Every structure is written in structure tokens, then in C-alpha cells.
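Just below is one structure, and these are the notes that go with it.
The values are calculated or read from the model by the stated rules, or taken from the named source; none is laboratory data. Quick caveat: nothing in here was measured; it's all calculated off a predicted structure. Methodologically, a virtual Cβ is constructed for each residue, glycine included, from the backbone with ideal geometry; neighbour enumeration extends over all protein chains shown.
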Amino acid sequence: MIQVTELHKSFDAVKALQGVSFTAPDGQITGLLGPNGAGKTTTLRVLYTIIRQDRGTAQVDGYDTLTQPLQVQRSIGALPDSQGLYPRLTARENVRYYGRLHGLHGADLEARIDHLAAMLEMDDFLERRTEGFSTGQRVKVAIARALVHGPKNVLLDEPTSGLDVMSTRAMRSFIRRLKDEGQCVLFSSHIMQEVSALCDNIVILQAGRVVASGTPAELLSHTGQANLEDAFVAAIGSEEGLVRA
Amino acid sequence: MNAISRMWVVFQKEFLDNLRDRRSVFSALGSTLIGPVILLLLIVILGKSVFKEGDTTPLEIPLAGAEHAPGLVAFLEQNGAVLEPAPADPAAAVRNGDLELVVVIPPGYGDDFSSGNPATVELYVDTSRQSAMSNVERARTLLNGYSRQTGAQRLLARGINPVIITALSLETVDVSTPESQSLIFLNMMPYFIVMVVFTGGMYVIIDATAGERERGSLEPLLINPIPRREIVIGKLLASLPFAVLAVAVTLIAFGLAFNVFPIEDYLGFQLALNVNALLGIFLISFPMVLLASALQTVIVTFTRSFKEAQTYVGFLPLIPALPGLGLAFLPVKPALWMMLIPTFGQQILINQLMRGEVINTTHVVISVFATLLVSGLLIWLAIRLYERERVLFGAR
């Protein structure tokens with residue numbers, strides 16, 4: 001469960017967040033939707049504790065990101081904006097490093113890696129060095145290492161960007177699977193269709209503010225539009241977010 | 001899981017990762033042989049010209065006007081000089097470096113000599129040409145010898161003891177030993193060791209910090225539940241084995257160079273560098289290795305890319321070089337305050353160990369603590385820099 005209240009954050013003169021609030025409950029998929037520069041990545045970075053907000057609170061399972069960062073980090077698995085791997089380590093070694101940083105080790109850790117590899121269909125390249133991996137393979141390794149400790153909350157920053165059609169479909173079914181297992185999934189996207197296809201809750205960000213939020217049905221009735229696409233355009237006041245990646 | 005085991009995880013990963021990186025390994029080992037090789041080359045190339053006496057080869061004297069001074073010519077030939085015809089323009093030949101010296105006996109020589117006046121003999125030399133000075137000195141000694149011998153004969157002919165004109169008996173006692181001459185070369189060794197200290201772990205630090213950011217793996221790494229100070233320390237520790245290995249290889253190479261290579265053939269004596277001295281130098285280098293890694297970590301934190309990091313960190317070994325090279329040419333007496341300056345104190349101590357001198361324990365203790373203190377401050381600074389949000393972007 002993720003709770004964000006009145007987040008404000010500035011980078012020098014740029015006001016990235018100007019009062020962002022929302023809740024992402026367990027067992028549901030919450031989508032952060034908005035055009036580039038709306039504050040999606042900054043919000044996620046506050047949640048995974050690598051950026052400190054100027055004002056407001058962000059909590060994961062009741063742990064505060066400012067005062068209890070280690071507990072927050074233990075409770076989340078994150079696929080951040082940059083998904084760099086270590087090219088001289090194999091896929092398994094990349095995942096193992098994160099598992100060990102979470103205190104896992106030995107046979108338990110290896111079993112967990114095998115389980116994730118099977119689930120993400122990465123057995124073919126699990127023992128290969130990651131140098132020269134395709135984007136799809138890289139994302140799978142990045143997800144496996146983010147989830148190696150079995151977190152209750154999963155944060156994904158534009159998880160489908162750069163993926164081909166097959167990988168995108170696999171990613172979407174993987175996100176649904178996390179939801180079915182009871183996890184709290186929060187993911188960001190600038191693609192309206194993707195968010196509407198997956199999400200139980202949608203938070204629409206525009207220029208560092210939440211301009212609309214709720215279930216798809218609530219968004220329709222709130223904006224008085226007949227379909228989500230129009231609702232989205234009405235909420236952000238432009239067609240910026242509709243460009244298909 | 002405690003702090004030690006988390007740092008151990010970071011250490012293990014960086015160590016393995018860099019062990020697989022050719023750049024890290026080559027950078028650690030490649031620089032190690034530079035010092036010993038340069039030193040051996042210097043000994044081979046310069047050794048003979050600096051230290052070897054030039055007496056063994058016959059002195060060649062280009063001579064003009066030999067017909068005016070048969071007595072002088074006979075004296076020169078008796079004393080082993082090989083006389084050769086002089087060129088038409090002796091001044092030009094010497095100035096151009098074609099000849100080291102030319103002796104010209106003017107036509108008036110015979111008249112002056114017979115009448116007992118000082119007879120002029122011209123010796124053309126170029127005093128700015130150091131390499132010619134040894135032969136010029138030999139020629140001058142020969143000419144002076146003839147002058148003295150002739151003068152003595154004239155005094156004897158007048159019934160006067162020639163000893164009377166020698167008021168002083170000057171004896172030069174040369175106290176330089178072969179070992180003290182060799183220190184000109186040895187004095188460069190401490191700097192070569194410091195250079196290796198700074199290059200040994202350099203790529204590991206750059207790869208683990210700037211490289212991590214450039215690959216985009218820093219952001220996901222920082223999301224793991226591990227305090228940033230432990231990440232910084234783990235990475236820093238991973239560079240130490242590479243640097244320590246580099247120092248060890250360098251010292252072994254120096255040891256082999258001085259004990260196995262036939263330096264005696266070039267210098268006329270053997271340099272001694274025993275195992276105890278090498279071991280002492282190795283231990284004294286340890287705090288410097290930590291200092292180098294800490295300093296590099298701090299600097300790399302400010303850089304935006306691998307290349308930028310490489311540029312800045314590459315300049316670092318030049319800083320300790322300045323006092324180090326100064327030491328090579330102007331040896332100083334070790335003083336307490338020098339031990340407070342990291343890398344400077346060590347270079348003095350290494351120099352002393354190398355000469356086989358007894359080193360002052362207080363100096364060692366102060367040098368070690370001063371260097372560890374500065375390293376500690378730098379590590380603290382690196383941690384503070386890593387705790388800033390900006391570390392992700394490499395901004396200043």
C-alpha cells in the first residue's frame with residue numbers, strides 16, 4: 001500500500017511536483033498517467049527514496065520515505081527510469097547481487113532466482129553475461145533483480161518503453177500476475193491506452209499536479225466524457241499524452 | 001544482516017566485476033613496470049657517460065701548426081695523444097660540434113719559445129658542451145704538463161730548484177662512494193612507487209562510480225536497502241587489492257632490476273635493495289593506497305562521465321610528483337613536519353629505506369596517522385557527496 005500526500009519538489013527553478021496526493025492499494029494496479037515532464041518519474045523517485053521531497057509525505061506500508069528509508073526500500077521492488085545492468089556479470093549474477101544486498105543468500109536465493117527466471121522466461125540467457133542483451137532481455141533481468149526479495153509493493157517507471165509488441169504483451173500479463181498475487185503495483189506511463197487496459201486506478205498528472213484520479217468509470221463520470229481517451233484529453237487539456245510510443 | 005556483511009557484498013561484486021575487466025587489470029599491472037624499466041634504461045643509457053672514466057680511449061687532438069712546435073708535438077705523442085690534422089676553420093668545427101677541441105699553434109710560437117717569452121697556444125673549446133669537457137680537461141692537463149716541464153728545465157739550466165715555484169701542494173680527496181653516486185637514480189624510485197599507488201586502483205574506482213552512473217545502474221543500486229556509506233566504503237575497498245597488487249609487482253620488479261640485472265656492467269658497482277627494505281616500503285605504501293582511492297572517489301563524484309573521470313583522475317599522480325621529483329634532485333633531511341604531508345612523508349621514508357638508513361619510528365607513526373586521518377576525511381566527504389540527490393546526475 002502506497003500513500004502520497006501533498007508532495008512538493010523543486011529542482012532549482014523548476015517546480016517538478018506541486019502537491020501530488022494519491023493512494024495505491026494492495027491487490028490493485030495504479031497507473032500514473034501524464035505527458036513527459038508531468039512529474040511521474042519524480043514521484044516514483046521520492047517513493048524509492050533516492051529523491052527527498054521539499055514538502056508532503058510519502059509512505060509505503062506505513063513507512064515514511066524520509067525517516068525510515070531502509071524499511072521502505074525493503075518493502076518495494078522498483079524498475080526505475082535507468083535500468084543499467086553490469087555487462088561483465090551474467091544475468092544470474094546481476095540478480096544475485098541485489099538478492100544479497102537484501103540479505104538473501106545460499107540455496108534460498110538461487111531457488112528464488114530460478115523461480116523468477118522461469119516466470120519471466122529468461123532461462124535461455126540466465127547464465128550469459130548481459131553484454132549485448134536485447135532491450136527485452138535487459139528489462140527482464142532488471143525486473144527479476146527488482147523482485148528478487150519478493151516485495152509487497154512494485155513500482156515500475158515506464159516499464160514498456162522501448163519494448164517490441166511481444167515483450168509489451170508479456171510485460172502486461174506479468175503486471176496482472178503481480179496484482180493477482182496481491183501486490184500493490186504502481187506504474188507510470190505516458191500511453192493512455194496502456195494505462196486504461198491495465199489499471200484499476202488511474203492518477204493523471206499534469207505539470208506536477210494531480211488533475212484527475214479514480215477508477216476508469218469514475219474518470220468518465222467526473223469529466224463527463226464517453227470514453228477514456230476524451231476523459232484524458234479533458235483532464236490535461238491537450239492531446240499530448242495520446243501519442244502512441 | 002549487519003554493515004560489515006553488506007559492505008562485503010558490495011566489495012565482492014565490484015572485485016569480481018573488475019577482475020573481469022581488462023581495463024582495470026591492465027591499468028593495475030601496466031603501470032607497474034614503467035618505473036623499473038625507465039630506471040634500467042637510464043642506467044644503461046646514462047650510466048657509462050656519467051660514471052665511467054674516459055681515460056681508456058686515446059685522446060685525439062686535431063692540431064694545426066705542428067711544424068712550429070716539434071718539441072710540444074713530441075711531448076703530446078709521448079703522452080698517448082693521437083694528433084690529427086685540424087680543419088681550416090677550427091672555431092666553426094668546434095661550434096658545430098664536429099670536433100670536441102682543436103689546438104692551434106700560431107706561426108710566432110717558435111720565436112717566443114726560443115726567446116723565453118710565454119708562447120701562445122690556442123685551445124678551441126665550447127664550454128656549453130658538457131659531454132666534451134672530459135676530453136678538453138685531458139688536453140688542458142697535457143698542455144699544462146708540457147708548460148711545467150719546459151719551465152722546470154729552464155729553471156734548472158739557471159741553477160734554480162724548480163720546486164720553488166710550487167707553493168701549494170693541492171690534494172683532492174674524493175669521498176663520493178659508488179653507492180652515493182647511484183642515488184641519483186635511486187632517488188626517482190619513491191615517486192615511481194607513489195605513481196603506482198595512484199594508478200593501481202584507479203580504474204576500479206572510476207568503473208565503480210562514474211561507470212556505474214554512466215551505465216545507468218546507479219539509480220537501481222541506490223534503491224536497495226543499504227546505507228550509502230556502506231556502498232561507498234564497499235566500492236572503495238574493492239579498489240585496494242588492485243592497488244596493493246600493483247605496488248607489490250612494482251617492488252618485485254625493482255628488486256629484480258637491482259639484484260638480478262647486471263647493473264655493475266654499466267655503473268661499475270652493484271645497487272643493493274634487500275628484501276627487508278622492499279617489505280618496509282610495501283607496508284609504508286598501505287596508507288597511501290587508501291588515500292589515493294578516497295581522493296579518487298571524491299573527484300569522480302563530481303564528474304559526469306567515464307571519460308571526464310579518467311581525465312581528472314589521470315592528473316592526480318602528478319600532484320605527489322612535484323615534491324617527489326624535487327627530492328630526487330635536492331635531497332632534504334627528513335623533518336617531522338614533512339611526515340604530516342601525505343605522500344611526501346612516505347616518499348622520504350621510502351628514500352631512507354632504499355638507502356639502507358635507519359628510519360625514525362616517530363616519523364613512521366606520524367606519517368601513517370596523518371595519511372589515515374586525511375583519508376578518513378576524504379571518505380567522509382565522499383559519503384556526504386553520495387548522500388546528495390545530485391550523485392545520480394553527476395552534477396556539481
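Considering only residues that are part of a loop (DSSP other than H, G, I, E, B) and among the charged types (D, E, K, R), look in region A:49-83 and name the one that is farthest from the other protein chains (Cβ to nearest Cβ).
So, considering only residues that are part of a loop (DSSP other than H, G, I, E, B) and among the charged types (D, E, K, R), the one farthest from the other protein chains (Cβ to nearest Cβ) is A:61.
Take residue A:145 and decide whether it is over 24 Å from residue A:169 (Cβ atoms) and among the charged types (D, E, K, R).
So residue A:145 fails the test.
Against the definition (touching a residue at least 60 places away in the same chain (Cβ under 8 Å) and surrounded by fewer than 21 Cβ atoms within 10 Å (Cβ to Cβ)), how does residue B:21 come out, yes or no?
Taking the combined requirement at face value, the residue satisfies it.
For region B:24-47, how many residues are surrounded by 19 or more Cβ atoms within 10 Å (Cβ to Cβ), more than 15 Å from residue B:192 (Cα to Cα) and not small (Gly, Ala, Ser)?
Looking only at that region, the number is 1.
Of all residues in region A:101-113 being part of a helix (DSSP H, G or I) and over 25 Å from residue A:184 (Cβ atoms), which is nearest to the other protein chains (Cβ to nearest Cβ)?
Of everything passing the filter in region A:101-113, A:106 is nearest to the other protein chains (Cβ to nearest Cβ).
I'd like the full set of residues that are facing chain A (nearest Cβ under 8 Å) and hydrophobic (A, V, I, L, M, F, W, C), limited to region B:1-42.
B:1, B:9, B:10, B:16
Those residues that are more than 12 Å from chain A (Cβ to nearest Cβ) and in contact with an Asp or Glu (Cβ under 8 Å, 6 or more places away or on another chain), I need them from region B:200-228; list them, please.
The answer is B:203, B:204, B:210.
Can you report the number of residues in region B:73-107 which are in a loop (DSSP other than H, G, I, E, B), surrounded by 13 or more Cβ atoms within 10 Å (Cβ to Cβ), in contact (Cβ under 8 Å) with a residue 40 or more places away in the chain and not aliphatic (A, V, I, L, M)?
Counting residues in region B:73-107 that are in a loop (DSSP other than H, G, I, E, B), surrounded by 13 or more Cβ atoms within 10 Å (Cβ to Cβ), in contact (Cβ under 8 Å) with a residue 40 or more places away in the chain and not aliphatic (A, V, I, L, M) gives 2.
Checking residue A:22 against (1) crowded, with 23+ Cβ neighbours inside 10 Å; (2) more than 14 Å from the chain's Cα centre (by Cα); (3) aromatic (Phe, Trp, Tyr): exactly one of these is not met. Which one?
(1)
Tally up the residues in region B:229-258 that are crowded, with 19+ Cβ neighbours inside 10 Å, away from every other protein chain (no Cβ under 14 Å) and of a type outside the set (A, V, I, L, M), please.
5
Can you pull out every residue in region A:24-59 that is β-branched (Val, Ile, Thr) and within 17 Å of residue A:9 (Cβ to Cβ)?
A:41, A:42, A:43, A:46, A:49, A:50, A:51, A:57
From (1) at pLDDT below 95; (2) over 20 Å from the mean Cα position of the chain (by Cα), pick out the condition that doesn't hold for residue A:90.
(1)
Please determine whether any residue of region B:209-217 is outside any loop (DSSP other than H, G, I, E, B), over 40 Å from the mean Cα position of the chain (by Cα) and acidic (Asp, Glu).
No; the residues of region B:209-217 include none that is outside any loop (DSSP other than H, G, I, E, B), over 40 Å from the mean Cα position of the chain (by Cα) and acidic (Asp, Glu).
Could you tell me which of the residues A:71, A:59 is polar (S, T, N, Q) and in contact with a Phe, Trp or Tyr (Cβ under 6 Å, 6 or more places away or on another chain)?
So the residue among A:71, A:59 that is polar (S, T, N, Q) and in contact with a Phe, Trp or Tyr (Cβ under 6 Å, 6 or more places away or on another chain) is A:71.
Please work out which residue is farthest from the chain's Cα centre (by Cα), limiting yourself to region A:120-159 and to residues that are in a helix (DSSP H, G or I) and of a type in the set (Gly, Ala, Ser).
Across region A:120-159, the extreme among qualifying residues is A:136.
State all residues of region A:84-100 that are closer than 18 Å to residue A:156 by Cα and more than 10 Å from chain B (Cβ to nearest Cβ); if no residue qualifies, say none.
Residue satisfying the conditions is A:95 alone.
Where residues in region B:164-203 are of a type in the set (A, V, I, L, M) and at pLDDT below 70, which of them is farthest from residue B:29 (Cα to Cα)?
B:175
Can you list residue pairs whose Cβ atoms sit under 7 Å apart, with the first residue in region A:106-131 being over 20 Å from residue B:17 (Cα atoms) and the second being assigned to a loop (DSSP other than H, G, I, E, B)? Count only pairs 6 or more apart in sequence or on different chains.
Filtered contacts from region A:106-131: A:112/A:104; A:112/A:148; A:116/A:147; A:116/A:148; A:117/A:126.
Quick one: which of A:81, A:64 is free of Cβ contacts under 8 Å to residues at least 60 places away in the same chain and in contact with a strand residue (DSSP E or B) (Cβ under 8 Å, 6 or more places away or on another chain)?
A:64
Taking region A:4-17, which residues are surrounded by 17 or more Cβ atoms within 10 Å (Cβ to Cβ) and more than 17 Å from residue B:390 (Cβ to Cβ)?
Those that are surrounded by 17 or more Cβ atoms within 10 Å (Cβ to Cβ) and more than 17 Å from residue B:390 (Cβ to Cβ): A:4, A:7, A:17.
Quick check: is even one residue across region A:105-121 in contact with a Lys or Arg (Cβ under 7 Å, 6 or more places away or on another chain) and at pLDDT below 95?
Scanning region A:105-121, I find at least one residue that is in contact with a Lys or Arg (Cβ under 7 Å, 6 or more places away or on another chain) and at pLDDT below 95, so the answer is yes.
Does residue B:268 satisfy being at positive phi, modelled with pLDDT under 90 and either surrounded by fewer than 19 Cβ atoms within 10 Å (Cβ to Cβ) or β-branched (Val, Ile, Thr) (or both)?
Taking the combined requirement at face value, the residue satisfies it.
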